[in-house]
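After the structure tokens below, expect a handful of questions from me.
The values are calculated or read from the model by the stated rules, or taken from the named source; none is laboratory data. As the structure is a computational prediction, the values presented were derived from the model and not from experiment. Positions of Cβ are generated from backbone atoms using ideal geometry, with glycine treated the same way; all protein chains shown enter the neighbour counts.
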Amino acid sequence: EAGVAQSPRYKIIEKRQSVAFWCNPISGHATLYWYQQILGQGPKLLIQFQNNGVVDDSQLPKDRFSAERLKGVDSTLKIQPAKLEDSAVYLCASSLPTSGLYNEQFFGPGTRLTVL
Amino acid sequence: AQKITQTQPGMFVQEKEAVTLDCTYDTSDPSYGLFWYKQPSSGEMIFLIYQGSYDQQNATEGRYSLNFQKARKSANLVISASQLGDSAMYFCAMMGGNKLTFGTGTQLKVEL
């Protein structure tokens, strides 16, 4: 079974530029998550999709970050314009839908963003 | 609000020895789930073990066991018979309100 795919793996941009990350979840996983992991910290949830609808985007800086999952499969996370503090690893995860607390999330390898 | 605290930024253990990674949590939810993830230098998060708040027995998965003490709000991970491949960052996380909250992690180094 193929895992969660992300691209690119690394990206270096200047501040105020735009950047986009792509994620392809595990086949059949209706729930997709984007996390931001700043160096030395644990991942922080940015946005959660259930199929192509947003479940939680309370921690997404909406003035500069946007995400979409148009067909309920692939997803794109965009930053426009980027700031220095956006330097982080962006992790995508997916899971089967569940009504319980046991919700194993499968993570991709992440995209390491450096903003200069 | 949920909070996960991991007070050990780094740990060393000898190969074949057991090691305990600490995790304490705070929540007002009566039902919650506790997870441990491993993050090698390659970056992906690997699920290790899960404990539900109402589970009577401590969870075990191979060499991993979770020492769950509900009254103390602690969920420590025990790795038995450490291997060199266990060297990685370890994160404790809590599921509550449909959101997974992570701690700051513990860097484990296994030495010969």
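Out of A:Tyr102, A:Tyr90, A:Tyr33, report the one residue that is out of contact with any helix residue (DSSP H, G or I) (no Cβ under 6 Å at 6 or more places or on another chain), modelled with pLDDT under 95 and not aliphatic (A, V, I, L, M).
One residue alone meets the criteria, A:Tyr102.
Per-residue answers, yes or no, for (1) in a loop (DSSP other than H, G, I, E, B); (2) modelled with pLDDT of 95 or more; (3) not basic (Lys, Arg):
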position: B:Thr7; (1), (2), (3): yes, yes, yes
position: B:Phe12; (1), (2), (3): no, yes, yes
position: B:Lys38; (1), (2), (3): no, yes, no
position: B:Gly43; (1), (2), (3): yes, no, yes
position: B:Tyr54; (1), (2), (3): yes, no, yes
position: B:Val78; (1), (2), (3): no, yes, yes
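Could you tell me which of the residues B:Ala71, B:Ala1 is out of contact with any Asp or Glu (no Cβ under 6 Å at 6 or more places or on another chain), surrounded by fewer than 13 Cβ atoms within 10 Å (Cβ to Cβ) and within 14 Å of chain A (Cβ to nearest Cβ)?
Values: B:Ala71 fails: within 14 Å of chain A (Cβ to nearest Cβ).
Criteria check complete, one pass: B:Ala1.
For B:Tyr90, only one of the following conditions fails: (1) free of Cβ contacts under 8 Å to residues at least 60 places away in the same chain; (2) touching a Ser or Thr at 6+ places or on another chain (Cβ under 6 Å); (3) crowded, with 21+ Cβ neighbours inside 10 Å. What is its number?
Result: B:Tyr90 fails condition (1) only.
Here is a further query. Which members of segment A:61-84 meet the condition of being surrounded by fewer than 19 Cβ atoms within 10 Å (Cβ to Cβ) and either at positive phi or in contact (Cβ under 8 Å) with a residue 40 or more places away in the chain (or both)? Lay out the reasoning, then the answer.
Pass one, segment A:61-84, residues surrounded by fewer than 19 Cβ atoms within 10 Å (Cβ to Cβ): A:61-64, A:66, A:68, A:70-74, A:76, A:78, A:80-81, A:83-84.
The answer is A:Gly72, A:Val73, A:Asp74, A:Thr76, A:Lys78, A:Gln80, A:Pro81, A:Lys83, A:Leu84.
Could you list, in sequence order, all residues of segment A:48-71 that are modelled with pLDDT of 95 or more and among the aliphatic types (A, V, I, L, M)?
A:Leu60, A:Ala67
Same structure, new question: Consider A:Ser95 against the criteria (1) buried (at least 18 other Cβ atoms within 10 Å of the Cβ); (2) within 14 Å of chain B (Cβ to nearest Cβ); (3) closer than 17 Å to A:Phe21 by Cβ: it satisfies all of them except one. Which criterion is unmet?
(3)
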